[in-house]
Amino acid sequence: EEPRTFDFDGAAAFFNVLNYITPERRQPFIEALAARLKPGSWFVTDLWNGELVLRDPPCPETREKKHGTTKVRQEITPVLDAKASTVRLSYNIEVAQMGSIECFTEELTMHVWRLSELKYMLKEAGFTDIKFRDRRSFPAPANDGSWHVWMRATRR
């Protein structure tokens, strides 16, 4: 066994970080994570539930926020590619402040994980006690309607 460079007491990946990892990088990511965690430590994350995303894709939405005289409007247009298990998110962002308006665009590709696939990879890398929780009704277990989940796994 190679000597470890780091021994961490835990790791967290929030804001859907796992959904940005491409399929070919998934197993190396999980293995590198396991190699750096002390036995008994936790890995916690949030992610989109791939099974549900593919069955019930995200819909376009508009979000608006106002703080003082600044107003931000965000239009999100999702496009599902079920064959590739991805959702491309196109963002149009408008910031209105003191009589001027600035516009920005951004595109992100989310790679959806099936929870069963993630659980298998984690077990193969040395994780146990893998739990999925519904983000909206935490700490309730994830179910068939849990679109966004929290996950905790313990390093063996």
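The values are calculated or read from the model by the stated rules, or taken from the named source; none is laboratory data. No experiment lies behind these values; they were computed from the predicted model shown. Note that each Cβ is placed from the backbone with ideal geometry, even for glycine, and that neighbours are counted across all protein chains shown. These area figures cover heavy atoms from the full protein model, side chains too; ligands, DNA and RNA do not enter into them. Shrake-Rupley method; radii C 1.70, N 1.55, O 1.52, S 1.80 Å.
If I ask for residues that are part of a strand (DSSP E or B) and basic (Lys, Arg), which ones from segment 97-156 would you list? Steps first, answer last, please.
Step one: of segment 97-156, the residues part of a strand (DSSP E or B) are 97, 100-111, 113, 127-134, 141, 148-155.
LYS131, ARG133, ARG152, ARG155, listed by residue number.
Which of the numbered conditions does ASP144 fail, given that it passes all the others? Conditions: (1) surrounded by 12 or more Cβ atoms within 10 Å (Cβ to Cβ); (2) touching a residue at least 40 places away in the same chain (Cβ under 8 Å).
In the conditions (1) surrounded by 12 or more Cβ atoms within 10 Å (Cβ to Cβ); (2) touching a residue at least 40 places away in the same chain (Cβ under 8 Å), ASP144 misses (1) alone.
Just give me the residues in segment 63-96 being in a loop (DSSP other than H, G, I, E, B) and over 20 Å from the mean Cα position of the chain (by Cα), in sequence order. Even if it seems obvious, please write down each step before you answer.
The first filter runs over segment 63-96 and keeps only residues in a loop (DSSP other than H, G, I, E, B), leaving 68-69, 82-85.
Scanning segment 63-96 gives GLY68, THR69.
Do we have ARG25 as basic (Lys, Arg), part of a strand (DSSP E or B) and open to solvent by 30 Å² or more (accessible area, probe 1.4 Å) here?
Values: basic (Lys, Arg): yes; part of a strand (DSSP E or B): no; open to solvent by 30 Å² or more (accessible area, probe 1.4 Å): yes.
Here the answer is no, as ARG25 does not meet what is asked.
Restricting attention to segment 126-156, which residues are in contact with a Leu (Cβ under 8 Å, 6 or more places away or on another chain) and within 15 Å of VAL44 (Cα to Cα)? Give the derivation first.
In the first step, residues of segment 126-156 are kept if they are in contact with a Leu (Cβ under 8 Å, 6 or more places away or on another chain); the result is 130, 132, 142, 144-149, 151, 153, 155.
Selection gives ILE130, PHE132, ALA142, HIS148, VAL149, MET151, ALA153, ARG155.
Name the residues in segment 63-109 that are surrounded by 13 or more Cβ atoms within 10 Å (Cβ to Cβ), farther than 25 Å from PRO23 by Cβ and β-branched (Val, Ile, Thr), would you?
Within segment 63-109, VAL72, ILE93, VAL95 meet the criteria.
Among residues belonging to segment 9-22 that are under 18 Å from ARG135 (Cα atoms) and assigned to a strand (DSSP E or B), point out the one that is least open to solvent (accessible area, probe 1.4 Å).
Narrowing segment 9-22 to residues under 18 Å from ARG135 (Cα atoms): 12-19.
Of the ones still in play, those that are also assigned to a strand (DSSP E or B) are 12-13.
Values: ALA12: 64, ALA13: 10 Å².
So, considering only residues that are under 18 Å from ARG135 (Cα atoms) and assigned to a strand (DSSP E or B), the one least open to solvent (accessible area, probe 1.4 Å) is ALA13.
Just give me the residues in segment 35-62 being open to solvent by 30 Å² or more (accessible area, probe 1.4 Å) and assigned to a strand (DSSP E or B), in sequence order. Lay out the reasoning, then the answer.
Keep residues of segment 35-62 that are open to solvent by 30 Å² or more (accessible area, probe 1.4 Å), which gives 35-36, 38-40, 42, 44, 51, 54-62.
Across segment 35-62, the qualifying residues are LYS38, PRO39, GLY40, TRP42, VAL44, GLU61, THR62.
Among the listed residues ARG73, ARG88, ARG133, which satisfies the condition of being within 18 Å of ALA12 (Cβ to Cβ) and either aliphatic (A, V, I, L, M) or modelled with pLDDT of 95 or more (or both)? Steps first, please.
On the way: ARG73 fails: within 18 Å of ALA12 (Cβ to Cβ); ARG88 fails: within 18 Å of ALA12 (Cβ to Cβ).
Just one listed residue meets the conditions, ARG133.
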